[in-house]
1. Return the residue satisfying two criteria in turn: it lies in the stretch B:41-58 and is surrounded by fewer than 18 Cβ atoms within 10 Å (Cβ to Cβ) and more than 14 Å from chain A (Cβ to nearest Cβ), and of such residues it is farthest from residue B:406 (Cα to Cα).
2. Among the candidates A:78, A:27, A:18, which residue alone is more than 14 Å from chain B (Cβ to nearest Cβ) and within 22 Å of residue A:235 (Cα to Cα)?
3. Output yes when any residue across the stretch B:9-20 is away from ligand 2 (no atom under 16 Å from the Cβ), more than 27 Å from the chain's Cα centre (by Cα) and away from chain A (no Cβ under 14 Å), and no when none is.
4. Take the residues in the stretch B:62-78 that are in contact (Cβ under 8 Å) with a residue 24 or more places away in the chain and away from ligand 1 (no atom under 16 Å from the Cβ); name whichever of them is farthest from the other protein chains (Cβ to nearest Cβ).
5. Six or more apart or on different chains, Cβ atoms under 7 Å: show the pairs whose first residue is in the stretch B:151-169 and under 25 Å from residue B:464 (Cβ atoms) and whose second is aromatic (Phe, Trp, Tyr) and away from ligand 2 (no atom under 16 Å from the Cβ).
6. Find the residue count for the stretch B:397-424, including only residues that are surrounded by 21 or more Cβ atoms within 10 Å (Cβ to Cβ) and either at pLDDT 95 or above or within 16 Å of ligand 2 (Cβ to nearest atom) (or both).
7. Being within 14 Å of ligand 1 (Cβ to nearest atom) and out of contact with any helix residue (DSSP H, G or I) (no Cβ under 7 Å at 6 or more places or on another chain) is the filter here, so list the residues in the stretch B:168-194 that pass it.
8. Take the residues in the stretch B:21-40 that are of a type in the set (D, E, K, R) and open to solvent by 40 Å² or more (accessible area, probe 1.4 Å), then tell me which one is farthest from ligand 2 (Cβ to nearest atom).
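The values are calculated or read from the model by the stated rules, or taken from the named source; none is laboratory data. Just so it is clear, the structure is predicted and the values come from calculations on it, not from any experiment. Positions of Cβ are backbone-derived with ideal geometry, glycine not excepted, and every protein chain shown enters the neighbour counts. Areas reflect the complete protein model, heavy atoms only, side chains present, ligands, DNA and RNA absent. Shrake-Rupley method; radii C 1.70, N 1.55, O 1.52, S 1.80 Å.
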Amino acid sequence: MKSIVLDYARKNRHTLVAIGICGILLAIGGILRPGFSSYKNVLNILSLASFLGILAAGQTFAVLSGGEGLDLSVGAVASFSAIVAAHLLGPLNLPLVLVLLIIMALGAVLGLINGLGITYAQVPPLVMTLGMIGVINGLSLVYSGGQPTGSATELLQTISTGRIVGIPWILVIWLAFIFIVLFVLKRTTFGRALYAVGSNREAAYISGARVEIIKILAYSFSGLLSAFGGLMLLGFVQGVQYEMGSSYMLPSVIAVVLGGVSFSGGEGEYFNVVLGAIILTILTSLLTTLNIGEAGRMLVNGFILLALLTAFGRAEKMRQ
Amino acid sequence: MSNYLQVEGLSKRFGQVKALDNAELECSSGEIHALLGANGSGKSTLIKSLAGIVVPDQGDIYLRGEKVSIGSPQESLAAGIATVHQDFSLVPQLTVKENLFLGAEPLRKLGFIDFGEIKKKADRLFNSFQVEIPLGAKIADLSVSQRQLVEIVKAFSRDPDLLLLDEPTASLPSERVKILFDTIRELANREMAVVFVSHRYGEVQDLCEKATILRNGYSVGEVQVAETSKDKVVSMMLGEEATKKNYGDSEKQSSKAKSEAKSSLSFRAENVTAAAGNVEKVSFSISPGEVLGVGGLQGQGQETLLRALYGLEPTIEGTCTLGKETLHIRSPREAIRNGIVYISGDRDEGLLHSRTIRENISIANNANRPLWELIDVDQERQLAKKVIEKLDAVYESLEDPAWQLSGGNRQKLLIGRWLIKDPKLILMNDPTKGVDVQTKEKIYDLLYSLANDGVLILLFSSETKELISLADNLLVMYEGKVVEKLEGENITEEMVLSASLNTGNNKND
Ligand SMILES: Nc1ncnc2c1ncn2[C@@H]1O[C@H](COP(=O)(O)OP(=O)(O)OP(=O)(O)O)[C@@H](O)[C@H]1O
Ligand SMILES: [Mg+2]
């Protein structure tokens, strides 16, 4: 019995450690600033984490696909889709469901371009998606003519900031979102093939997988999910600005690393990325509440991240 | 004490698995000592402990009677130990030369590395193996047998006092094995101690005087090879009961006697020519119930032929028909759709190292289904369990990543995954590489029963003995062409050799 428990702990060590760190950070916050770890504040923090968590889901797909997989354009896609959504909802007055579909299709197309460039033109993911940031920001300017208009409708605002029986709607949505992402990754043939291609491209090909299509789909998913994140963000911020999602680019990568998703591809769980996003958000809120001032905050943030990343990054040595 | 190496009570656990459990090993200078055991019995773990890659939980290692602790590969090298690893220790992105120098510590002497000396030795060794591997080539671009040679040369060029060889012959063709053995003997004559791991008993008889046998991580005993027999050794490897149950049975069934094949599909290939140029106008046919072998000297296009038939190598000419159907295969996916599968001994090419055992088997199904279909994990688990137990694989849990398995057990995943597909034609490229004696017998039985059921089999093996004993008929290839087809029960190694040499000589005249 004891050994079964130990075994479970060994296999899920990452999850357990991540939950532990969340607990420790909340406890420290509670000691330094009473109220930090109250139910209400924890719900607030989780709500904030949801936006990062959604964008980090896109990042997870890209990193899982292997071959130095990475999608730096998640933030840019989110920004652009927020601008388009605001315009469609405001001036054009389209219904939210339709806007949701249009926005996700738009994100998927942008991701598709990334995927095509990476597979067929063989541009390294880092270069391709970095380049796409410029392209997408340019598109934003062109689309809005220099002056983004519109704002979130009341319904969208309710979804992003409102509550149902005391629980923020956005958390309910995030929970559903987590289930869908886990389902796609764990229970569909696509998810299984994505892990296979990321783990060993050659082996997946020899087994009959259509390696290129799967990679392209991974980046399309990344775009689609990021666009969804952008829409939620619009509801949260309410007004539109240029590049409102760009501050999520780096954190989305860090959340994925904290989640133990391997940069060699084909290994890692979205559930742990969720925990990574939560850790990151708790840390940021903690440093904000402490009023340390910008420079100090960045320093402390940097050091703690470095410590966490080393702790997590020292994953077991792979093949010997 | 005359023993150069003495290992006492060595133990190592990985989670619940006791990879080593009080293992003992002794080897003196000038001795070539065999280390034998079934797949997963701890041979590689013992070797890795001496190479500084695995740190044992318990036990002592003595070199020249002095207790040593080996905490890292550098310390192992510094102690005069060089190792040929089963999974190779080469960095794929680096060149042959860079790999040869990698980790070269200033052994003995002065405090600097004599790169010139290493290169000279490497050149000499490559020469003696009669191979031309450009020193500037990237490891990733080499074939498995070339990589195996680089790994060997890398270890030999360090001029160690103790040489550890973990299945150095698994990926070598028979001709090279002879040269390797001559080299090893020469080194042993110069007082080098050698530990040699192999699943080919013939090699052990050829090379070694004494052997230590491991079972489940402990040393069952040390034997004089000349005074024992293969059956005795195998029963030591398995333990008494297991022997009666498995090995005895399969021995009886391993005859080529065939009943009438159940299916009547046959396969024809005509004028198959690979774009790479090393397969030219190859034609043959396989009839139901037949195991057709492709043999000859190493690298005469045999592997390229199999890969071309599977859609892994582009072809510029050739038609293949299966039954009445003409095939146009440009990718593995199309091959699989047509009932053709490919089992390779190149584990880097076939395994999803970081994924679970279960996923490594079910990928044979999953990679070919529509992407939106759902996965039934329970069914996956049952299928995986069924095929992998058929092959006697040693594993702890189906949810463990494949890299945790021992080399031979990993190979069983590559075979097992295609057994869930009901193929019509199986292309086998060294399928039993690294698999232990008794499981090999099982695989041979399986192969015959598949052939009996009408599954067509095209087999290449780097071990000519295995090829001859398994194949009903044998295509001998030379420079990409089929130069002779040997038929019937009584094909011998000499016949294969002379078929290839005759052509070679005629050409030179
Ligand atoms: N890093 C590891 N983590 C977990 N288990 C391991 C690890 N390395 C080895 N094992 C397990 O230890 C056992 C012994 O493995 P080892 O590689 O030493 O076998 P072996 O005798 O070399 O077999 P083979 O003939 O197949 O090469 C196996 O059951 C294997 O699964
Ligand atoms: Mg081994």
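1. Start the filter on the stretch B:41-58 by keeping residues that are surrounded by fewer than 18 Cβ atoms within 10 Å (Cβ to Cβ), which leaves B:55, B:57-58.
In the following step, the residues that additionally are more than 14 Å from chain A (Cβ to nearest Cβ) were identified as B:57-58.
Numbers: B:57: 19, B:58: 21 Å.
Among residues in the stretch B:41-58 that are surrounded by fewer than 18 Cβ atoms within 10 Å (Cβ to Cβ) and more than 14 Å from chain A (Cβ to nearest Cβ), the one farthest from residue B:406 (Cα to Cα) is B:58.
2. Working: A:27 fails: within 22 Å of residue A:235 (Cα to Cα); A:18 fails: within 22 Å of residue A:235 (Cα to Cα).
The match here is A:78.
3. Within the stretch B:9-20, one or more residues are away from ligand 2 (no atom under 16 Å from the Cβ), more than 27 Å from the chain's Cα centre (by Cα) and away from chain A (no Cβ under 14 Å).
4. Start the filter on the stretch B:62-78 by keeping residues that are in contact (Cβ under 8 Å) with a residue 24 or more places away in the chain, which leaves B:62-65, B:73-74, B:76-78.
In the following step, the residues that additionally are away from ligand 1 (no atom under 16 Å from the Cβ) were identified as B:62-65, B:74, B:76-78.
Working: B:62: 24, B:63: 22, B:64: 27, B:65: 29, B:74: 15, B:76: 13, B:77: 16, B:78: 19 Å.
Looking at residues that are in contact (Cβ under 8 Å) with a residue 24 or more places away in the chain and away from ligand 1 (no atom under 16 Å from the Cβ), I get B:65.
5. So the pair list comes out as B:153/B:126.
6. Result for the stretch B:397-424: 11.
7. Answer for the stretch B:168-194, where residues must be within 14 Å of ligand 1 (Cβ to nearest atom) and out of contact with any helix residue (DSSP H, G or I) (no Cβ under 7 Å at 6 or more places or on another chain): just B:170.
8. The initial filter retains those residues of the stretch B:21-40 that are of a type in the set (D, E, K, R), namely B:21, B:24, B:26, B:31.
Checking which are open to solvent by 40 Å² or more (accessible area, probe 1.4 Å) leaves us with B:21, B:24, B:26.
On the way: B:21: 16, B:24: 18, B:26: 20 Å.
Selected residue: B:26.
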